[in-house]
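To keep things clear, I will list the structure first and then write my remarks on it.
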Amino acid sequence: MTPIRHNASDSDPVLDAVRDCVLAVGVRRTTLTDVARRAGVSRMTLYRRWPDVRALVGDLMTREWIEAATRAMPEPEPGTSARTLIVEGLVRGVDAFRRHPLFRKIVDVDPELLLPYVLDRRGASQEALLELLADSVEKGHTDGSVRPGHPQRQARALLLVAQSFTLSLRTMTDEGDDELSPEAFYGELRTILERTLTP
């Protein structure tokens, strides 16, 4: 799979600082003053790049989500089909997102922050993931492992499925029942993706 390209620096001290703040107190209780203090910069330095905390957190989420998705991608090996890479990458990606400390904090404390990206518009990280998926789907068309279709539409459908598992899986699992555990549902997700993509 082609690496995702993004603009957020992996070692940006300001994004590192806002991550620490959000993990400590959540988005609503994080202030630019707190972030500036942790990052060792002035508030004016922050205002030059970000008008408010939400814009800062938006860039943080883009960095963190793209990094999580990139790490979840399996290493391609000779003879591995594009479909296999897509399916395993998405299943592993869903699990990585659900375990991600920043994602968990936002879902638990500030879930309304995610609503615009679910209901109204695509964010930068979603655009990057769609680019990756469309490229992988086209490779699947070429190697014959993915059924023919409009690659962008197929990529968007795949992301919709992955997002629903990421955001809502905990509402469907039952603690103490192995047949309704997250791992069991990952098996269902793998089956859904395989059947969706197989020619």
Pairs with Cβ under 6 Å, 6+ apart, first in the stretch 128-150 and closer than 14 Å to L90 by Cβ, second part of a helix (DSSP H, G or I) and among the aromatic types (F, W, Y): none
Residues satisfying the stated conditions in the stretch 128-153, i.e. more than 20 Å from V118 (Cβ to Cβ) and of a type in the set (S, T, N, Q): S136, T142, S145
Extreme residue, modelled with the lowest pLDDT, among residues of the stretch 167-192 that are loosely packed, with under 11 Cβ neighbours inside 10 Å and over 21 Å from the mean Cα position of the chain (by Cα): E175
Pair list, Cβ under 6 Å, 6 or more apart: the stretch 103-115 residue under 18 Å from E67 (Cβ atoms), other residue part of a helix (DSSP H, G or I): F103/F97; K105/L23; I106/L113
Neighbours by Cβ (under 7 Å, 6+ apart or cross-chain): first from the stretch 14-29, touching a residue at least 24 places away in the same chain (Cβ under 8 Å); second polar (S, T, N, Q): V18/T30; V22/T30
Failed item in (1) touching a Pro at 6+ places or on another chain (Cβ under 8 Å); (2) among the β-branched types (V, I, T); (3) under 17 Å from Q163 (Cα atoms), with V87 passing the rest: (1)
Lone unmet requirement of (1) among the basic types (K, R); (2) surrounded by fewer than 11 Cβ atoms within 10 Å (Cβ to Cβ); (3) under 30 Å from A124 (Cβ atoms) for R147: (2)
All helices (runs of 4 or more DSSP H) inside the stretch 12-54 with 3 or more residues being under 22 Å from the mean Cα position of the chain (by Cα): 13-25
In the stretch 117-144, the residues that are surrounded by fewer than 17 Cβ atoms within 10 Å (Cβ to Cβ), more than 22 Å from G58 (Cα to Cα) and among the charged types (D, E, K, R): D135, E138, D143
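The values are calculated or read from the model by the stated rules, or taken from the named source; none is laboratory data. These figures come from a predicted structure and were not determined experimentally. So basically every Cβ, Gly included, is an ideal-geometry build from the backbone, and we count neighbours across all protein chains shown.
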